[in-house]
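A quick write-up on the structure given underneath.
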């Protein structure tokens, strides 16, 4: 999917919501455990109930890998379902991969070609040749970790490297990578006050913003500092939507939560004449 | 496996060789492609031919993920074979994972509990709460990326963060994490001259050293600056051993290459009266 297609979907749906599919057998409604593939059935129900309210889905790969081959099958079925029934959705493999060149190329092949995700999250620690293999795929997007939403972000990311914070060094350096036009960045909502400075370095790139809701970030602050004329934001909510109800009505309640967020997003965009 | 067990194996075998199982269908001998599970058959043959010469095996998870469910099955069979037939081997899931706390916990469960690897490689960018879930497993080891063997290492790792290089900051900060006694570190052989300074910060932790051979690092230099009284090194070779011959004799030739390296390692240890 091109960035233009994504912007088109955002304007059409008046939403820049991304729903995180962190599907956990211990948290899904117990009645689903009788199904042959409870993870897929849960995802399918969530997707069917929310697809008109969001523009992206983000399975966190750890949750699938934790179930071995079964989990991998559920992931394959989920992405096939999305690509088949809702091809307008932007899909994100939240995998946080990154390795030496020939190995990153393997991960890129797995997630972009075989599973046919539109994008993948990548950790920047190993630098240029660990990121560029992902950037070489046309109309695929590499979402580099910049400033994450967790406490550990203060261990290294916000420390000053040769005069400026490491996450800014990541933004600046990655701009010079071959294929940099395919870069997006992870910036946690819990650190929204950093967004103004981030926008000075990357005025236009899309940001994937986790941490709204469950982790305490505010949508208002994210928009205030991060929104662009082409929106430039994908705000993710996982647990706050998919586990809003532990009962048989889980998909309906998830829809309500997604609808709340979509409504807030519409307001933010309308108040800035962006839609 | 405890660190003491690993040191015992190293002294017994007079080897601190780790063999990287970066198994690629395009590089294994063509006659194996007729097998039902060529990746496993290749690994099995390599392991059977080399197990007495090395103390560790390191499947790079990307190579398995690139084949989806089939690859995951080959990985499961490989680790089961290792744990069943050669339980004295130290096993490393070269996965370079790292995510927010509850997600890292999922990866830890997948690799430590379900697959029963002794260790996993982890990327440090997300800090404390992304690493500690791995450290909480008894007798399991977390091998943190410090200074990798690729060119991209110079993008961020060697840049100065508040006065000292980022990789040193990673070493120093991670020493304070809960469960730090379970930490090992990745330090590339291509940067052996950095090892003296690294040993000043972490005098005893085991180092996993990739980049000897194919990537140009020297075993002599690694030992000169990195070896400890308990050896403290696992030197990895992947392509240089497993793809030494593309023909039917691949396992024998792999054995010869492993034997060469074991011999060099024995000399390095003997010359220092370590065995």
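Looking at this structure, is residue B:146 at pLDDT below 95 and touching a helix residue (DSSP H, G or I) at 6+ places or on another chain (Cβ under 7 Å)?
no
I'm trying to understand the selection: among the residues of the stretch B:198-218, which are more than 13 Å from the chain's Cα centre (by Cα) and modelled with pLDDT of 95 or more?
Scanning the stretch B:198-218 gives B:198, B:199, B:200, B:201, B:202, B:203, B:204, B:205.
Can you tell me how many residues within the stretch A:21-45 are out of contact with any helix residue (DSSP H, G or I) (no Cβ under 7 Å at 6 or more places or on another chain) and closer than 22 Å to residue A:93 by Cβ? Give the derivation first.
From the stretch A:21-45, those out of contact with any helix residue (DSSP H, G or I) (no Cβ under 7 Å at 6 or more places or on another chain) are A:26-27, A:30-31, A:33-34, A:36; that's our starting set.
From what is left, the residues that are closer than 22 Å to residue A:93 by Cβ are A:27.
Of the residues in the stretch A:21-45, 1 are out of contact with any helix residue (DSSP H, G or I) (no Cβ under 7 Å at 6 or more places or on another chain) and closer than 22 Å to residue A:93 by Cβ.
Read through the list (1) more than 9 Å from every other protein chain (Cβ to nearest Cβ); (2) buried (at least 18 other Cβ atoms within 10 Å of the Cβ); (3) in contact with a helix residue (DSSP H, G or I) (Cβ under 9 Å, 6 or more places away or on another chain); (4) outside any loop (DSSP other than H, G, I, E, B), then give the number of the only condition that residue A:48 fails.
(2)
Checking residue A:152 against (1) touching a helix residue (DSSP H, G or I) at 6+ places or on another chain (Cβ under 7 Å); (2) surrounded by 23 or more Cβ atoms within 10 Å (Cβ to Cβ); (3) in contact (Cβ under 8 Å) with a residue 12 or more places away in the chain, which single condition isn't satisfied?
Residue A:152 satisfies every listed condition except (3).
Got a number for residues in the stretch A:102-159 being more than 8 Å from chain B (Cβ to nearest Cβ), over 22 Å from residue B:154 (Cα atoms) and in a helix (DSSP H, G or I)?
The qualifying residues number 4.
Name the residue that is nearest to residue A:21 (Cα to Cα), counting only residues in the stretch A:103-134 that are touching a helix residue (DSSP H, G or I) at 6+ places or on another chain (Cβ under 8 Å) and surrounded by fewer than 22 Cβ atoms within 10 Å (Cβ to Cβ).
Across the stretch A:103-134, the extreme among qualifying residues is A:116.
Tell me the residue from A:84, A:20, A:71, A:98 that is in contact with a strand residue (DSSP E or B) (Cβ under 8 Å, 6 or more places away or on another chain) and free of Cβ contacts under 8 Å to residues at least 60 places away in the same chain, please.
Being in contact with a strand residue (DSSP E or B) (Cβ under 8 Å, 6 or more places away or on another chain) and free of Cβ contacts under 8 Å to residues at least 60 places away in the same chain holds for just one of A:84, A:20, A:71, A:98, which is A:98.
Quick one: in the stretch A:57-96, of everything that is within 7 Å of chain B (Cβ to nearest Cβ) and not in a helix (DSSP H, G or I), which residue is modelled with the lowest pLDDT?
The qualifying residue modelled with the lowest pLDDT is A:66.
The values are calculated or read from the model by the stated rules, or taken from the named source; none is laboratory data. Every value quoted in this text rests on a predicted model; they were computed, and no experiment measured them. Here Cβ is always computed from backbone atoms with ideal geometry, including for glycine, and neighbour counts include all displayed protein chains.
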